[in-house]
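What follows is a set of notes on a single structure, which appears directly below.
What follows is calculated from the coordinates using simple rules that are stated; it is not laboratory data. Every value quoted in this text rests on a predicted model; they were computed, and no experiment measured them. Positions of Cβ are generated from backbone atoms using ideal geometry, with glycine treated the same way; all protein chains shown enter the neighbour counts.
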Amino acid sequence: VIVLLICGSLRRGSTNAALLATARSMLPDGVEADLYDGIDRLPHFNPDVDVDPLPPAVADLRARTTAADAILVCTPEYAGALPGSFKNLLDWTVGDIDISGTPVAWINVSATGGAVEAHRSLRLVLTYTDARIIDDACADVPVPRSAVGEDGLIHDTAIRAAVERSLTALLRAAAAT
Ligand SMILES: Cc1cc2nc3c(=O)[nH]c(=O)nc-3n(C[C@H](O)[C@H](O)[C@H](O)COP(=O)(O)O)c2cc1C
């Protein structure tokens, strides 16, 4: 089983990235994490470029979404919307039938209870990809910057318990697919 982890923030020290790194460290035996790190190499989406041979960064993204049995997303909100670079990634997945039916969930780490519009938009965009949103696995788990340790991981037990619940629901859905 492969879980693709996609972060919508490019920031060094990102709380979203820390959540995903923490999730990766908590995966049970037999589940492999694929931490996607190519968001800043993707070209701007253009249907004219969405032809063979694909740009290498797009081919890499599609290979990884195709191989994934489940996808976990963590993204911030910028100015009331999804970050442009992450929306660009999503646009590259919309025409890709291989993501169709793949269980997907997100964890909203906004420490202020924000990022509501970004997640509303994420839900809408994901319906265009035909990925299968696993509601039980989606969660609001506020992560203050102070919760991220020197090792880049989150050690707070309540946060980790919430991540565990999400992963369990997502992996259950993946196993049933
Ligand atoms: C340009 C900019 C715009 C932002 N706009 C929003 C916003 O509309 N809603 C929100 O909840 N947070 C907003 N934030 C706060 C970010 O979501 C917050 O900094 C978050 O920690 C970023 O995630 P990261 O730690 O993974 O980089 C904004 C931050 C920046 C830099």
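Ile71 satisfies every condition listed in (1) assigned to a loop (DSSP other than H, G, I, E, B); (2) under 30 Å from Asn46 (Cβ atoms) except (1).
Scanning the stretch 144-159 for residues that are part of a helix (DSSP H, G or I) and crowded, with 17+ Cβ neighbours inside 10 Å, we see that the one that is nearest to the chain's Cα centre (by Cα) is Ile159.
With respect to being closer than 30 Å to Asp151 by Cα, part of a helix (DSSP H, G or I) and out of contact with any Gly (no Cβ under 6 Å at 6 or more places or on another chain), Leu90 fits the description.
Please determine whether any residue of the stretch 81-90 is free of Cβ contacts under 8 Å to residues at least 60 places away in the same chain and touching a Lys or Arg at 6+ places or on another chain (Cβ under 6 Å).
No: zero hits.
Per-residue answers, yes or no, for (1) under 20 Å from Ser166 (Cα atoms); (2) charged (D, E, K, R); (3) more than 16 Å from the ligand (Cβ to nearest atom):
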| position | (1), (2), (3) |
| --- | --- |
| Gly30 | yes, no, yes |
| Asp40 | no, yes, no |
| Val49 | no, no, yes |
| Val58 | no, no, yes |
| Leu72 | yes, no, no |
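Residue by residue, here is whether (1) of a type in the set (Asp, Glu); (2) surrounded by 13 or more Cβ atoms within 10 Å (Cβ to Cβ); (3) under 22 Å from Leu124 (Cα atoms); (4) touching a Cys at 6+ places or on another chain (Cβ under 7 Å) holds:
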{"residue": "Ala33", "(1), (2), (3), (4)": "no, yes, no, no"}
{"residue": "Pro43", "(1), (2), (3), (4)": "no, yes, no, no"}
{"residue": "Asp48", "(1), (2), (3), (4)": "yes, no, no, no"}
{"residue": "Thr66", "(1), (2), (3), (4)": "no, yes, yes, no"}
{"residue": "Pro83", "(1), (2), (3), (4)": "no, yes, yes, no"}
{"residue": "Val94", "(1), (2), (3), (4)": "no, yes, yes, no"}
{"residue": "Thr102", "(1), (2), (3), (4)": "no, yes, yes, no"}
{"residue": "Asn108", "(1), (2), (3), (4)": "no, yes, yes, no"}
